[in-house]
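Engineer: I am attaching a structure below and will ask some questions about it afterwards.
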Amino acid sequence: MPKKVTLEMKIAKREKYKEKIEKNRAEIQPTIDAYNALDAEIKAELAQLEQKKRNAVYDHVISVFGDSLSPEEVIVKFDRIMNDNRNKGFIEQLKREQAEREKSVKNSSEDSPASDKTTS
């Protein structure tokens, strides 16, 4: 016949689980802290790379349109260039090249495991 489990036995078992959880949490905390620190470092580096790219685009746009235009005026002028029928073939070529780049990036990320990727 099975032994009857009392409320006191359940409470004692729960306390043992709680102690085990706290012990495991204390042991894993340095790993969690290291992960969070590295994650923050990676995000900062990615943000820096993105900002570098944006700065390069900004510098070129300013060299072409000048720095006296508002962002809205630059957008209007850029859209005018992009929508001009004389540039239709060039725009289609840009779209094809972008699709090829995206396909290439997708294929290369599928071919190589994430553990092989490194940053410089």
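The values are calculated or read from the model by the stated rules, or taken from the named source; none is laboratory data. Small disclaimer: the values here were computed from a predicted structure and weren't measured. Heads up, the Cβs are rebuilt from the backbone with ideal geometry, glycines too, and the neighbour counts pull from every protein chain shown. Ligands, DNA and RNA are excluded from the accessible area calculation, which covers all protein heavy atoms including side chains. Shrake-Rupley method; radii C 1.70, N 1.55, O 1.52, S 1.80 Å.
Engineer: Is it the case that the range 83-102 has a residue that's free of Cβ contacts under 8 Å to residues at least 12 places away in the same chain, open to solvent by 80 Å² or more (accessible area, probe 1.4 Å) and among the aliphatic types (A, V, I, L, M)?
Structural biologist: The answer is no, given that none of the residues of the range 83-102 is free of Cβ contacts under 8 Å to residues at least 12 places away in the same chain, open to solvent by 80 Å² or more (accessible area, probe 1.4 Å) and among the aliphatic types (A, V, I, L, M).
Engineer: Please count how many residues of the range 1-24 are open to solvent by 80 Å² or more (accessible area, probe 1.4 Å) and assigned to a helix (DSSP H, G or I). Write out each step before concluding.
Structural biologist: First, the residues of the range 1-24 that are open to solvent by 80 Å² or more (accessible area, probe 1.4 Å): 1-5, 7-8, 10, 13-14, 16-23.
Imposing the further condition that a residue be assigned to a helix (DSSP H, G or I) reduces the set to 7-8, 10, 13-14, 16-23.
Going through the range 1-24 one residue at a time, the tally reaches 13.
Engineer: Here are the criteria: (1) in a helix (DSSP H, G or I); (2) surrounded by 10 or more Cβ atoms within 10 Å (Cβ to Cβ); (3) not polar (S, T, N, Q). Tell me which single one Glu27 does not satisfy.
Structural biologist: (2)
Engineer: Another question about this same structure. When the range 50-75 is examined, which residues are found to be open to solvent by less than 50 Å² (accessible area, probe 1.4 Å) and assigned to a loop (DSSP other than H, G, I, E, B)?
Structural biologist: Once the filter is applied, which keeps residues that are open to solvent by less than 50 Å² (accessible area, probe 1.4 Å) and assigned to a loop (DSSP other than H, G, I, E, B), the range 50-75 yields Gly66, Leu69, Ser70.
Engineer: Go through (1) of a type outside the set (Asp, Glu); (2) assigned to a helix (DSSP H, G or I); (3) at pLDDT below 85 for Thr118 and report which single condition fails.
Structural biologist: (2)
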